[in-house]
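S.K.: Can you read through this structure? Questions will come right after.
The values are calculated or read from the model by the stated rules, or taken from the named source; none is laboratory data. Nothing here was measured: the structure is a model prediction, and the numbers come from that model. Every residue, glycine as well, gets a Cβ built from its backbone with ideal geometry; the counts of neighbours run over all protein chains shown.
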Ligand code: CMC
């Protein structure tokens, strides 16, 4: 029997359908609310609003569950690799051997970017933040591959743009780093796999042969998998909202990259390291920083702590913490800020402020320490997040297009002036 929610407003009772997802999570469908009642809902920050139906990622914040297309994140991080996960997210199922070979081959042959794009790189100052460069360059792909995402484009053309973006993003990301160093770029070497090729373009010097360290390649695969999708967060919802106007894929993803950049979202990984460095420079004690984070007037937050949906633990953070110890050990890296991070975590987790608000380390808390050990510079951390999140954004964009979702257009509660008459300048 269908379930309904009953809403009584202005003396009238309305029935709103209740819908249920495949994991039994329930929602009140308010699609007809305004037509039925004349009212809209108010939900700042969308804390209770399901913006779409999606079959890509399932997340249970209370139980700390995260699954891509049904597969637990723990299994994927341990047993899969990034391109396989990208295929899974975008196409819905794990690939067969011929499918992954074809997918990998297609990506491999599209890694070059148009030489004219180098001129755009040249226009940026060397100290430009690589996230700004990345979003600009991804958006500039619209000039080279302008297919719109509406009925004027065939599925084949849209799929080709998906391949192009997956293939070119590591090249653009690595080149944005090279640009920030004032160094010449390394062209992709397609004998390497996806992650190794990125590391080559980042780190190879002209004077020596470069062989990516397999420990570093494995670690990068794991980190990218852990970041690959996270259902309707700030950047993903941005991709869907911008994409809903039927702009080109590259424009929608570029918007997502900008949304990710902020310190409350993907930009937190850079801020965590800067915070840990500040604690170290201050003598290593964590008390002062914890007290600052608790003081609402300080404007300081404990970066890498807290999450909108995870209220017990972030399963990605659990995996990353273990991986962090293992990877640093394998690479023989002794980073003093790891100790500081562990002390800070222990201090916060035993403090009533953090306990009461259910604030736990999130994915960004330990990821920066791993990136540092891999040799990735701090201002590239959020770029690494973007590289990882790319297949998730693409999958969400594709799903939205295929479902023919209407253009995103929220309502508001207007709180400004009532109508008033224009007053000429001389009378003001
Ligand atoms: N340090 C200190 N206090 C905090 C923190 C923090 N990191 N996070 C939340 N709080 C407090 C907040 O002040 C509020 O307190 P009160 O109830 O007394 O007003 C309470 O906890 C609830 O916080 P909120 O801001 O209402 O929670 P939110 O769901 O809107 O924000 C968040 C979630 C992730 C933006 C927030 O926890 C935060 O700013 N964390 C630090 C930034 C960070 O690490 N971001 C990365 C998120 S994970 C990667 C990703 O997917 O983006």
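S.K.: For region 76-96, how many residues meet the condition of being over 13 Å from residue 394 (Cβ atoms) and touching a strand residue (DSSP E or B) at 6+ places or on another chain (Cβ under 9 Å)?
M.R.: 3
S.K.: Looking at 240, 280 in this structure, which one is in contact (Cβ under 8 Å) with a residue 40 or more places away in the chain, more than 9 Å from the ligand (Cβ to nearest atom) and more than 20 Å from the chain's Cα centre (by Cα)? Before you say what the answer is, go through the steps one by one.
M.R.: Values: 240 fails: more than 20 Å from the chain's Cα centre (by Cα).
After applying the criteria, what remains is 280.
S.K.: Something else now. Look through region 214-236, keep the residues that are part of a helix (DSSP H, G or I) and within 12 Å of the ligand (Cβ to nearest atom), and return whichever of them is surrounded by the fewest Cβ atoms within 10 Å (Cβ to Cβ).
M.R.: Quick first cut of region 214-236, residues part of a helix (DSSP H, G or I) only: 214-227, 234-236.
From the residues that got through so far, the ones that are within 12 Å of the ligand (Cβ to nearest atom) too are 226-227, 234-236.
Values: 226: 25, 227: 26, 234: 17, 235: 25, 236: 25.
Only one residue tops the list, namely 234.
S.K.: Can you tell me which residue is nearest to the ligand (Cβ to nearest atom) among those in region 310-334 that are surrounded by fewer than 16 Cβ atoms within 10 Å (Cβ to Cβ) and outside any helix (DSSP H, G or I)?
M.R.: Checking each candidate, the answer is 312.
S.K.: Filtering region 147-167 down to residues that are in contact with a helix residue (DSSP H, G or I) (Cβ under 7 Å, 6 or more places away or on another chain) and either in a loop (DSSP other than H, G, I, E, B) or not assigned by TED's automatic domain parsing to the domain that holds residue 371 (or both), which residue is nearest to residue 206 (Cα to Cα)?
M.R.: 147
S.K.: Go through region 354-366 and give me each residue that's within 7 Å of the ligand (Cβ to nearest atom) and either more than 19 Å from the chain's Cα centre (by Cα) or assigned to a helix (DSSP H, G or I) (or both).
M.R.: Result: 357, 359, 363, 364.
S.K.: Please go through region 36-73 and pick out each residue that is more than 15 Å from residue 23 (Cα to Cα) and part of a loop (DSSP other than H, G, I, E, B).
M.R.: Those that are more than 15 Å from residue 23 (Cα to Cα) and part of a loop (DSSP other than H, G, I, E, B): 38, 39, 40, 41, 42, 43, 47, 48, 49, 51, 52.
S.K.: Another question, if that's okay. Based on what the data block shows, is residue 255 more than 11 Å from the ligand (Cβ to nearest atom), closer than 30 Å to residue 398 by Cα and either in the same structural domain as residue 71 (by TED's automatic domain parsing) or part of a loop (DSSP other than H, G, I, E, B) (or both)?
M.R.: When the stated conditions are applied, residue 255 passes them.
S.K.: Moving to a separate point now. Identify, please: which residue in region 340-353 is within 14 Å of the ligand (Cβ to nearest atom) and in a helix (DSSP H, G or I) and is, among those, farthest from residue 268 (Cα to Cα)? It would help to see each step written out before you state the result.
M.R.: Going residue by residue through region 340-353, those that are within 14 Å of the ligand (Cβ to nearest atom) are 341, 344-345, 347-349, 351-353.
Of the ones still in play, those that are also in a helix (DSSP H, G or I) are 341, 344-345, 347-349, 352-353.
Values: 341: 14, 344: 16, 345: 16, 347: 20, 348: 17, 349: 19, 352: 23, 353: 20 Å.
Here the residue is 352.
S.K.: Now for a different question. On the given criteria, is residue 170 surrounded by 16 or more Cβ atoms within 10 Å (Cβ to Cβ), at pLDDT 95 or above and outside any helix (DSSP H, G or I)?
M.R.: Against the criterion (surrounded by 16 or more Cβ atoms within 10 Å (Cβ to Cβ), at pLDDT 95 or above and outside any helix (DSSP H, G or I)), residue 170 does not qualify.
S.K.: Another question, then. With respect to residue 304, determine if the residue is assigned by TED's automatic domain parsing to the domain that holds residue 336, touching a residue at least 60 places away in the same chain (Cβ under 8 Å), within 13 Å of residue 361 (Cβ to Cβ) and within 11 Å of the ligand (Cβ to nearest atom).
M.R.: Here the answer is yes, as residue 304 does meet what is asked.
S.K.: Do we have residue 296 as within 11 Å of the ligand (Cβ to nearest atom) and surrounded by fewer than 14 Cβ atoms within 10 Å (Cβ to Cβ) here?
M.R.: So residue 296 passes the test.
S.K.: Sticking with this one: Here is a check on your reading of the model: is residue 420 more than 16 Å from the ligand (Cβ to nearest atom), out of contact with any strand residue (DSSP E or B) (no Cβ under 8 Å at 6 or more places or on another chain), in contact (Cβ under 8 Å) with a residue 24 or more places away in the chain and not assigned by TED's automatic domain parsing to the domain that holds residue 91?
M.R.: Considered against the rule, which asks whether it is more than 16 Å from the ligand (Cβ to nearest atom), out of contact with any strand residue (DSSP E or B) (no Cβ under 8 Å at 6 or more places or on another chain), in contact (Cβ under 8 Å) with a residue 24 or more places away in the chain and not assigned by TED's automatic domain parsing to the domain that holds residue 91, residue 420 comes out as no.
S.K.: Looking at this structure, is residue 249 touching a helix residue (DSSP H, G or I) at 6+ places or on another chain (Cβ under 7 Å), at pLDDT 95 or above, within 16 Å of the ligand (Cβ to nearest atom) and closer than 30 Å to residue 21 by Cβ? Step through it out loud before you land on a result.
M.R.: Details: touching a helix residue (DSSP H, G or I) at 6+ places or on another chain (Cβ under 7 Å): yes; at pLDDT 95 or above: yes; within 16 Å of the ligand (Cβ to nearest atom): no; closer than 30 Å to residue 21 by Cβ: yes.
When the stated conditions are applied, residue 249 does not pass them.
S.K.: Further question: Within the group 76, 59, which residue is in the same structural domain as residue 394 (by TED's automatic domain parsing) and within 16 Å of the ligand (Cβ to nearest atom)?
M.R.: 59
S.K.: Restricting to region 258-268, and then to whatever is within 10 Å of the ligand (Cβ to nearest atom) and in a helix (DSSP H, G or I), can you tell me which residue is farthest from the chain's Cα centre (by Cα)?
M.R.: 268
S.K.: Quickly run through region 173-207 and pick out the residues that are over 22 Å from residue 122 (Cβ atoms), in contact (Cβ under 8 Å) with a residue 60 or more places away in the chain and outside any helix (DSSP H, G or I).
M.R.: Answer for region 173-207, where residues must be over 22 Å from residue 122 (Cβ atoms), in contact (Cβ under 8 Å) with a residue 60 or more places away in the chain and outside any helix (DSSP H, G or I): 190, 193.
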